[in-house]
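The values are calculated or read from the model by the stated rules, or taken from the named source; none is laboratory data. What you see is a predicted model, and the numbers here were worked out from it, not measured in a lab. With ideal geometry, Cβ positions are generated from the backbone for all residues, glycine too; neighbour counts draw on all protein chains shown.
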């Protein structure tokens, strides 16, 4: 039932403990749902209430602590022994008088962990300011230390099974993009394209189904293509507009993002020119990536390429990607940008999104890649250009040429 | 372009400021994306980076502060003046050296708000422990106060336009449930049902499209029906299994959740009996709800009903619902449960989810309601029973009777 062999989970736990030792952490409280999944296999949409995985340096198994009604899923859906699953009653949920972190602090004290050096994921979405304040209040003898991204860094280099899951996610992304783009036409509604994208992202292929992506599809349209994180409306597409579609295929929580700009009808010359700069820069980056390069050097390649066309761009070229939950599929560890000296290693995986957002339009053409032993490979095989939805193609029977 | 009249936003802001005065708060820092939307109209999936809306008691408009690439959307998609939209550079994103809250603290100091009484949403997902620590560090002259749920409480009673949006969400929920259930059959894959549900949740109706729900569909199946927050796999449904489908229709971020248990083939007698207890209890609650009752009394009605059948249930009966973003469509303010003395008022809206999870199966039959002047009304009109997918119906041509 678990997506990975128990040995793989145990290896991940061992690596996590090695990092804990390096950082001087005796007890690690994990609230990032992706990190909880990575170490235990736990996969449920229960992160909207407080929950955590507790890693104790000198104990062989993590503890899962969460809401009573979610405990059955933690017992059946992880490699943990049932007695390592501890639940709090429902009156702790969204309550002004009972906070789950007070309950968890009591458990830590009861099992003799109340006076230890405790790592917490300080900047994780699911570790709120109040969660931390409650732990500090109820564990006066503990010493807290920021362990944000500790496990995320362990996740950076993927195993072969993780890569295989990302290949499947890539296949799903390709198919969804093809099917979604087929619905982009004058008079078609944005929401219908979003629906079609989602359908194929979830239905996946005949061999394997899709999982929900950590971010919903973006499809900014027309003037809104300069606003990258807009979702959709029920407005209709117009001839002459461009749409920037950014999605991810997802398989067992592993993501492969893919973005393309679509032109409805013949695109403006400026759009094709800008797109050619993006593609040129992206191709140069893909040819250059090799283990041993730094992330900054990868970004420099992109910057130098577009600078030849007089374009300067501040935003990072890309970021590490893989296992995740809403609200982000990025891993928050390594970015392809100025100042990031991380050295590329085989089986690191990145979403390269060399978008250009100009004053009145934007172009997004992205690739998700794996660093190989000698270079890199993309997870998807999709035309690396502006996708033109031509009226001739849209209405083959009416004989009109746009 | 905004989904509400500017006057409605201004009224919401006025009510928020009244609450700020009651609580002695001069500056309110809002990080909950639903609260940001509620007061400004801002709607984008940019909450995976730090951002906020700043409400200053003695200034007429909020400030939006967020990432550079999202500022264009804040200018075009809110009622704020462009000069009230302030952005931070991209090197603040997922950086170990630059935190957006340090940037925001500097802005607050520059505009003379660094020494005021500042409210923060302490238990909001998007207000991390580190976000708070950074504000405290960089605003040494400020006094911080927990203002969690302050705006959520303002959201509790809906306007007529909000109710109309929820009616549309209800229509979308009904349609998606019908279409999704039609795909539940022996041999059908769970992921294909999830895909169909999503398709119709987003495509909506011919008159209005759907928006993404704050929670993905749950469809725990078979023995997993006791685990409420499981999503789906690519396993196939089996004859004799039950599936508990919980979805929400969503329109312009307003949610109407709906849950039904589906039986694939003739259900076990125990399932029908348990379902009859749920329906009976739910019907009693719906008949009894009236303005002036407390939330606790509503829950008591449900508890007394199931106790007649020897069932005792700890979890709350329901919670207030409306505008939201991932990871939750609940408003976190009012729950229908023991101890909640909130008095019902017209245009409060609740998701009643009187589920029963027993040892080997669970039944979920839910309704989302509006409290009216004299009682309550449901947003959806869907058979309040276990939905039976009969083999006769599934394979009308093969003449077999299950």
### Message
Looking at segment A:72-112 only, could you name the residues that are assigned to a helix (DSSP H, G or I), under 29 Å from the mean Cα position of the chain (by Cα) and either within 8 Å of chain B (Cβ to nearest Cβ) or surrounded by 20 or more Cβ atoms within 10 Å (Cβ to Cβ) (or both)?
### Response
A:72, A:73, A:74, A:76, A:84, A:100, A:101, A:104
### Message
If I go through segment B:205-258 residue by residue, how many of them are at negative phi and assigned to a loop (DSSP other than H, G, I, E, B)?
### Response
28
### Query
Would you pick out the residues in segment B:185-199 that are surrounded by 24 or more Cβ atoms within 10 Å (Cβ to Cβ) and under 28 Å from residue B:34 (Cα atoms)?
B:194, B:195, B:197, B:198
### Query
Can you find a residue in segment A:259-277 that is part of a helix (DSSP H, G or I), in contact (Cβ under 8 Å) with a residue 40 or more places away in the chain, touching a strand residue (DSSP E or B) at 6+ places or on another chain (Cβ under 9 Å) and surrounded by fewer than 17 Cβ atoms within 10 Å (Cβ to Cβ)?
yes
### Query
Which one of these does residue A:359 not meet: (1) exposed (fewer than 15 other Cβ atoms within 10 Å of the Cβ); (2) modelled with pLDDT under 95; (3) more than 11 Å from chain B (Cβ to nearest Cβ)?
(3)
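Yes/no per residue for (1) in contact with a strand residue (DSSP E or B) (Cβ under 9 Å, 6 or more places away or on another chain); (2) in a loop (DSSP other than H, G, I, E, B):
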| site | (1), (2) |
| --- | --- |
| B:148 | yes, yes |
| B:176 | yes, no |
| B:191 | no, no |
| B:201 | yes, no |
### Query
Looking at (1) touching a strand residue (DSSP E or B) at 6+ places or on another chain (Cβ under 6 Å); (2) at the interface with another protein chain (Cβ under 7 Å from one of its Cβ atoms); (3) at pLDDT 95 or above, which is the one condition that is false for residue B:208?
(1)
### Complete set of residues in segment B:305-345 that are over 30 Å from residue B:43 (Cα atoms) and either under 13 Å from the mean Cα position of the chain (by Cα) or free of Cβ contacts under 8 Å to residues at least 12 places away in the same chain (or both)
B:307, B:308, B:310, B:312, B:314
### Query
Within segment B:38-56, how many residues turn out to be surrounded by fewer than 24 Cβ atoms within 10 Å (Cβ to Cβ) and either more than 24 Å from residue B:5 (Cβ to Cβ) or touching a strand residue (DSSP E or B) at 6+ places or on another chain (Cβ under 7 Å) (or both)?
6
### Message
Among the numbered criteria (1) buried (at least 24 other Cβ atoms within 10 Å of the Cβ); (2) more than 10 Å from chain B (Cβ to nearest Cβ); (3) in contact with a strand residue (DSSP E or B) (Cβ under 6 Å, 6 or more places away or on another chain), which one does residue A:250 miss?
### Response
(3)
#### Entry: Those residues of segment B:118-146 which are surrounded by fewer than 17 Cβ atoms within 10 Å (Cβ to Cβ) and in a helix (DSSP H, G or I), in sequence order
B:136, B:137
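Considering each residue of segment A:225-236, count those that are out of contact with any helix residue (DSSP H, G or I) (no Cβ under 7 Å at 6 or more places or on another chain) and more than 8 Å from every other protein chain (Cβ to nearest Cβ), and give that number. Before the answer, list the steps.
At the first step, the residues of segment A:225-236 found to be out of contact with any helix residue (DSSP H, G or I) (no Cβ under 7 Å at 6 or more places or on another chain) are A:225, A:231, A:236.
If we keep only those that are more than 8 Å from every other protein chain (Cβ to nearest Cβ) as well, we get A:225, A:236.
Total satisfying the criteria: 2.
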### Query
What is the residue count in segment B:331-350 for residues that are over 13 Å from residue B:317 (Cα atoms) and either in a loop (DSSP other than H, G, I, E, B) or within 13 Å of another protein chain (Cβ to nearest Cβ) (or both)?
9
### Query
Would segment A:255-271 turn up any residue that is within 14 Å of chain B (Cβ to nearest Cβ), more than 18 Å from residue A:355 (Cα to Cα) and modelled with pLDDT of 95 or more?
yes
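Just checking, which of B:197, B:135, B:149, B:202 is within 11 Å of chain A (Cβ to nearest Cβ) and on the phi > 0 side of the Ramachandran plot?
On the way: B:197 fails: on the phi > 0 side of the Ramachandran plot; B:135 fails: on the phi > 0 side of the Ramachandran plot; B:202 fails: on the phi > 0 side of the Ramachandran plot.
One residue alone meets the criteria, B:149.
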### In segment B:156-180, the residues that are in contact with a helix residue (DSSP H, G or I) (Cβ under 7 Å, 6 or more places away or on another chain) and within 14 Å of chain A (Cβ to nearest Cβ)
B:172, B:175, B:176, B:179, B:180
### Query
How many residues are farther than 22 Å from residue B:181 by Cα and under 16 Å from the mean Cα position of the chain (by Cα) when one looks only at segment B:370-388?
1
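Would you say residue B:42 is more than 30 Å from residue A:101 (Cα to Cα), within 14 Å of chain A (Cβ to nearest Cβ) and either modelled with pLDDT of 95 or more or assigned to a strand (DSSP E or B) (or both)?
Working: more than 30 Å from residue A:101 (Cα to Cα): yes; within 14 Å of chain A (Cβ to nearest Cβ): yes; either modelled with pLDDT of 95 or more or assigned to a strand (DSSP E or B) (or both): yes.
When the stated conditions are applied, residue B:42 passes them.
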### Query
Does segment B:163-184 contain any residue that is surrounded by fewer than 21 Cβ atoms within 10 Å (Cβ to Cβ) and closer than 30 Å to residue A:95 by Cβ?
yes
